[in-house]
1. So, of the residues in segment 104-118 that are at pLDDT 85 or above and either outside the structural domain of residue 134 (by TED's automatic domain parsing) or exposed (fewer than 15 other Cβ atoms within 10 Å of the Cβ) (or both), which turns out to be nearest to the chain's Cα centre (by Cα)?
2. Scan segment 75-86 for residues that are within 22 Å of residue 21 (Cβ to Cβ) and exposed (fewer than 12 other Cβ atoms within 10 Å of the Cβ) and report the count.
3. Taking residue 67 as meeting all but one of (1) more than 13 Å from residue 19 (Cβ to Cβ); (2) under 20 Å from the mean Cα position of the chain (by Cα); (3) surrounded by 12 or more Cβ atoms within 10 Å (Cβ to Cβ), write down the number of the exception.
4. Is it the case that some residue within segment 87-99 is at pLDDT 85 or above, over 29 Å from residue 19 (Cα atoms) and touching a helix residue (DSSP H, G or I) at 6+ places or on another chain (Cβ under 8 Å)?
């Protein structure tokens, strides 16, 4: 016996609600979490996906229920990307904006606090880009994807690499 169409509409609705909730939650936690996943971030994402699965499909663990949930997620993702493309203000709301961290060798302290990036994390990113010191950085920007872009040598040399978040640094003695 085939489940009623209302069951599938419910799965599509709850999948969409979970999708939108996850976007808001990730946006609230900030860009810093997107740049590179640590082991704890990976475990967190796996557990979150498992915890919201039942909210999306309920008791319907059939193949068709899973396909309806996945289809709803694909459709909502497609529609959201189209809306972000058409409406730049929506893009700023969902994805945020790039934030300047360094300008002409001077650290923008307020922006560092706003993005919750530590001085040590900034210095590490600068070194990863092959720049010796903050004074040599013309521009450092935290991009919307969580990476840090660096311009140096009077804005002639640009590098952009993923920031390594939550990386443990041990001193060798």
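1. Filtering segment 104-118 for residues that are at pLDDT 85 or above and either outside the structural domain of residue 134 (by TED's automatic domain parsing) or exposed (fewer than 15 other Cβ atoms within 10 Å of the Cβ) (or both), the one nearest to the chain's Cα centre (by Cα) comes out as 114.
2. Selection size over segment 75-86: 3.
3. Of the numbered conditions (1) more than 13 Å from residue 19 (Cβ to Cβ); (2) under 20 Å from the mean Cα position of the chain (by Cα); (3) surrounded by 12 or more Cβ atoms within 10 Å (Cβ to Cβ), the odd one out for residue 67 is (2).
4. No, the conditions are met nowhere in segment 87-99.
The values are calculated or read from the model by the stated rules, or taken from the named source; none is laboratory data. Keep in mind that this is a model prediction, so the values were computed, not measured. Neighbour counts are summed over all protein chains in view; Cβ atoms, including those assigned to glycine, are modelled from backbone coordinates with ideal geometry.
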